[in-house]
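Novice: If you scroll down you'll find the structure; I have some questions about it.
The values are calculated or read from the model by the stated rules, or taken from the named source; none is laboratory data. These numbers were taken from a predicted model, which means no experiment stands behind them. Every residue, glycine as well, gets a Cβ built from its backbone with ideal geometry; the counts of neighbours run over all protein chains shown. All accessible areas refer to the heavy atoms of the entire protein, side chains included, with ligands and DNA or RNA removed. Shrake-Rupley method; radii C 1.70, N 1.55, O 1.52, S 1.80 Å.
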Amino acid sequence: MAAEGQNGGDDGMMRIGKRCYVSNLAWKTSWQDLKDKFRECGQVVYANVTRGDDGRSKGWGIVEFENPDEAIAAVNTLNGTDLGGRRIAVREDREDRDVKQSLEGEEGAAAAPRPARAPRGRGRGRGRGPRAPIEGEPSGFQVCVQGIPWKFTFHLF
DNA sequence: GTTGAGCGTT
């Protein structure tokens with residue numbers, strides 16, 4: 001039977017990359033304005049604008065969505081749009097604070113390497129093999145080589 | 001009424 005797809009059972013691996021970093025905000029822009037603006041792209045669960053001591057906004061804020069997909073959509077949609085008379089820059093969160101807090105339940109030998117924001121692999125390898133190799137299209141994988149002896153030099157063609 | 005680099009709190 002289907003093991004996934006229905007039933008909103010959050011087994012735990014579902015809370016990642018929901019927050020967005022919004023910068024280049026106008027000084028008059030408040031967190032309510034952000035929430036109202038990002039509301040078009042999804043359900044904003046949390047919105048905050050950093051302020052100084054006098055209450056003046058620093059020009060950047062944090063917006064959290066109900067789903068990570070909405071956050072990505074907001075970045076591609078509201079990024080570079082006009083808000084408060086100024087062009088805002090929407091970006092993904094640099095750190096996953098929420099993810100770390102979620103994993104705090106199981107500490108010890110369980111060393112979580114790096115969630116890395118879940119690979120956006122579209123389509124699952126149906127049949128055998130990780131993926132259907134497409135000629136001329138990058139697989140997305142990266143290769144890291146280290147430990148190269150100094151006797152090796154660059155060869156420019 | 002001003003200015004413009006930058007990731008915050010539970």
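Novice: Tell me the label-point distance for the pair A:ASP69, A:ASP54, using the 7 Å Cα-to-Cβ offset, in nm and rounded to one decimal.
Specialist: With each label point 7 Å from Cα toward Cβ, the separation is 4.6 nm.
Novice: In the stretch A:39-93, if the dipole is taken from +1 on Lys/Arg beta carbons and -1 on Asp/Glu beta carbons about the Cα centre, which of A:CYS41, A:ALA89, A:ILE72 is farthest to the positive end?
Specialist: Farthest towards the positive end: A:ALA89.
Novice: Rounded to the nearest 10 Å², what accessible area does A:TRP60 have for a 1.4 Å probe in the complete protein model?
Specialist: Here the accessible area works out near 80 Å².
Novice: Ignoring ligands, DNA and RNA, how do A:ILE62, A:ILE134 rank by accessible area with a 1.4 Å probe, largest first? Don't skip to the end; give the middle numbers.
Specialist: Details: A:ILE62 45, A:ILE134 100 Å².
Ranking A:ILE62, A:ILE134 by accessible area, largest first, yields A:ILE134, A:ILE62.
Novice: So how exposed is A:VAL22, as accessible area in Å² (1.4 Å probe, rounded to 10)?
Specialist: Ignoring ligands and nucleic acids, A:VAL22 comes out at about 0 Å².
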